[in-house]
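Worksheet: one structure, shown below.
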Amino acid sequence: MSADRRSFLRNMALGSGAIATGAFLTSCASEEKLTQIKAAASRQPAMNFNMSGYAAPALDTVRVGIVGIGDRGAGAVERMTFIEGVEITALCDTRQAAVDGGQTILQKAGLPKAAEYVNGEKGYIEMCQSDNIDLVYIVTSWEWHIPIALEAMENGKHTAVEVSTARTLEECWQIVETSERTRKHCVILENCCYDFFELLTLNMARQGVFGELIHGEGAYIHDLDYWHFNKPQDDKMTDGAYDKYWRLEENKRHANVYPTHGLGPICQAMDINRGDKMDYLTSIMSDDFTLSKRIEEEAEENPALKQFVGANMRGNMDIQLIKTNKGRTIMIQHDISSPRPYSRIHMLSGTKCFAQKWPLKHIAFGHDIADADKMKELEEKYSPEIVRKVGEMAKKVGGHGGMDFMMDWRLIDCLRNGLPMDMDVYDAASWSSITSLSEWSIANKSNSIEVPDFTRGAWKTNKPVTLTLEGGGTTGVRNLDRKEKSKQLSVE
């Protein structure tokens, strides 16, 4: 990347540029924007280097800089303190109180204080230029994901990015091309790929239990009313609220702005980007029956919400239907404003077997659902090696029941042993691309649009994600007794 191009991308992410980008990604998709989405979907730049299966040089100690020490970021700091071979060398946030909270976590773990980067919205640039970091772990609001990831890779750092990773197709291509050129990993932090049932069904698919996979369904159905309207506190950690209501701003887009929780595990089971690929997508969205009304109600008590009154907010439910090159189908749902129980669905249907996680775990080999004894037999037989090695420890550390910790542990173990990533930059790009593609389809009366092939044909020969720990599994877990004592104290 030229110096001018890099400077342009950096400036775009800062100050008025960031505000302009946010304004561009709004509900009323302009003709220019839709044309840009269509053009980006058709791009086929030459591949610089295939990052799928790439094993970077091993790092005995992984020095981690964490950007964004809010609710998710603080959890990441704590989880990393339990992983051997990790040094948390830097903490970055726009709020000193948030960084102070991260330092307190390190102190309680008996670990050294990290370098601090609290220079407004530019602090991450200085952090990425540090010689004391190997991995930049990004847990910020979505608009900063790609600017920080690009800065990290340009400065020779691997990067791990929370979901959704990219907001536009141009951002998807930027991380792909930068990762290939720098040969630095850009890992999507899709924790749902490490949940226990998803790992079980993934291994069953690998072992041929499903026969040929036919169809998969995933979702993010989560009533976020509390989180949307929990008032942010600019002078301290936000206790779960979206700072400055950034997520309400994102939900002005008429798109699936959060597709990867449901999609990621389905893509892994179907070997998307590693034997199959998503060909095209169609999408539909309901009207908004609740969100705008809730904004009006809350704005009567909270003037900060008046900026959203009258905005053309996203509808309650949007649905994507995807066809793969091998003829399979995928359905993804997204609803964050209806009063419904939480669900990611996670359903796989094959020629021999069926599995679904929500609302109850079901596995069937025909008309009848497997009973408790059969379920136990399947779990004992098909739980993959990572679950057998760190599953119980992950439950003790926590993070969505342990899946967050397994994700982090696997990331670090791969870096320490020089192994390929389970979720690479092509996954980050293709799973995140659903946002822009769904936006285009919704605006065009559910017309179909092609899903870009970010692997540029390499999906035909890329190897599937391995479920063994061959070459790795050497990373230990430390200080679990500290977690147990903490739980006991909290109970008392």
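Tabulated data for the structure shown
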| quantity | calculated |
| --- | --- |
| Equivalent-ellipsoid semi-axes of the stretch 347-492, from the Cα gyration tensor, Å, largest first | 32, 24, 19 |
| Percent carbon-and-sulfur accessible area, the chain, ignoring ligands, DNA and RNA, probe 1.4 Å | 50 percent |
| Probe 1.4 Å, all protein chains present, accessible-area order of 367, 346, largest first | 367, 346 |
| Largest-first principal axis extents of the Cα set of the stretch 58-211 (Å) | 53, 38, 29 |
| Calculated diffusion of the stretch 266-331, Stokes-Einstein form, Kirkwood radius summed over Cα pairs, 4 °C and 1.567 mPa s, µm²/s | 89 µm²/s |
| All Cα pairs of the stretch 189-228, percent lying beyond 15 Å | 58 percent |
| Surface accessible to a 1.4 Å probe, per residue, for the residues of the stretch 379-492, Å² | 42 Å² |
| Peptides ranked, highest mean first, by Cβ atoms within 10 Å: ranges 351-358, 268-275 | 268-275, 351-358 |
| Enclosed volume per residue, in Å³, of the convex hull spanned by Cα atoms of the stretch 126-239 | 181 Å³ |
| Largest-first principal axis extents, alpha carbons of the stretch 334-409, Å | 39, 38, 21 |
| Potential lengthening between residue 84 and residue 371 on full extension [0.36 nm per residue; Cα-Cα distance subtracted] | 99.4 nm |
| Size of charge dipole - the stretch 324-397 - debye, nearest 20, with Cβ of Lys, Arg +1 and Asp, Glu -1, no other charges | 280 debye |
| The stretch 32-80, accessible area per residue, ligands and nucleic acids excluded (1.4 Å, Å²) | 42 Å² |
| Radius of gyration and maximum dimension Dmax of the stretch 300-351, Cα, Å | 17.4, 55 |
| Coordinate range along principal axes, alpha carbons of the chain, Å, largest first | 56, 55, 53 |
| Per residue accessible area in Å² of the stretch 258-302, where ligands, DNA and RNA are left out and the probe is 1.4 Å | 38 Å² |
| Cβ-placed point charges (K, R +1; D, E -1), dipole of the chain about Cα centre in debye, nearest 20 | 840 debye |
| Estimated inter-spin distance, residue 100 and residue 309, nm [label 7 Å along Cα→Cβ] | 3.5 nm |
| Hull shadow area, averaged, the stretch 24-146 [alpha-carbon convex hull, nm²] | 10.5 nm² |
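The values are calculated or read from the model by the stated rules, or taken from the named source; none is laboratory data. None of the values given here were measured: they were computed from a predicted structure. Quick reminder, even Gly has a Cβ in these numbers, built from the backbone with ideal geometry, and neighbours come from all protein chains shown. Keep in mind that these areas ignore ligands, DNA and RNA; they rest on the heavy atoms of the full protein, side chains included. Shrake-Rupley method; radii C 1.70, N 1.55, O 1.52, S 1.80 Å.
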